[in-house]
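Asker: First, the structure itself, so that you have it in front of you.
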Amino acid sequence: MRDDDDELLVALGEAIRAREEVPEWFVETGKNAYAWHNIDAELAQLTYDSDSDRDAVAAVRSETASIRALTFTSARLSIELEVGEGSLIGQIIPPRAGTLEVHTTAGVTSSPVDEIGCFAVAPIPSSPFRLRCRSEDGADVLTGWITLLFLLGPRGSAAQAAPRLTSDMAVACWTGLSASPSRTL
């Protein structure tokens, strides 16, 4: 029995030393991933970004649309979102009534989703935000973080929305016609 105990202590010591060699960022990433295991809302992935179609559309049209479109999809529903000047307009597919929450660093605001799935968010949040849709039939869907950056055009006006995707967040930009300094709003 004594040899088994010694072997167990040696194996335990090796395990502890191996644990100490794991980089802290790796441990933190694992803890963060585990924290999502019991979240109530499904995470909706960005599945469409109209900016990715910009080159194809430019080949057949002389102008591109100034409204940018994003689609977030989960197993139960999709959230279609248009970034317009000053507001976000969207629809839940398939259509259903419910509530749309806008989560920002400043807090949470909510707005109704009508029976055909339409909603509006005005003004556009000036800090990173995520959308959470809770439908009357029990669907609960959460997008990743979205950051809207604004690049100023001629004379400080916003000209055109152009979403960009970076890692797990969608970044939408208003781009101007001339080279001008950018600022985050």
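Asker: Roughly how many nanometres apart are two label points built 7 Å out from the Cα toward the Cβ at ALA106 and GLU7?
Answerer: The two pseudo-label positions are separated by 6.5 nm.
Asker: Taking one equal scatterer on every alpha-carbon of the range 42-143, how large is log10 of I(q)/I(0) by Debye at q = 0.18 1/Å?
Answerer: The Cα Debye sum returns log10 ratios of -0.85.
Asker: Rounded if a/c is under 1.5, else prolate if a/b is larger than b/c, else oblate: which is the range 73-128, with a ≥ b ≥ c the root eigenvalues of its Cα gyration tensor?
Answerer: Prolate is the answer for the range 73-128, as a/c is 1.5 or above and a/b outweighs b/c.
Every number here is computed from the coordinates shown, using simple stated rules; none is lab data. Just so it is clear, the model here is predicted, and its values are computed rather than measured. Positions of Cβ are backbone-derived with ideal geometry, glycine not excepted, and every protein chain shown enters the neighbour counts.
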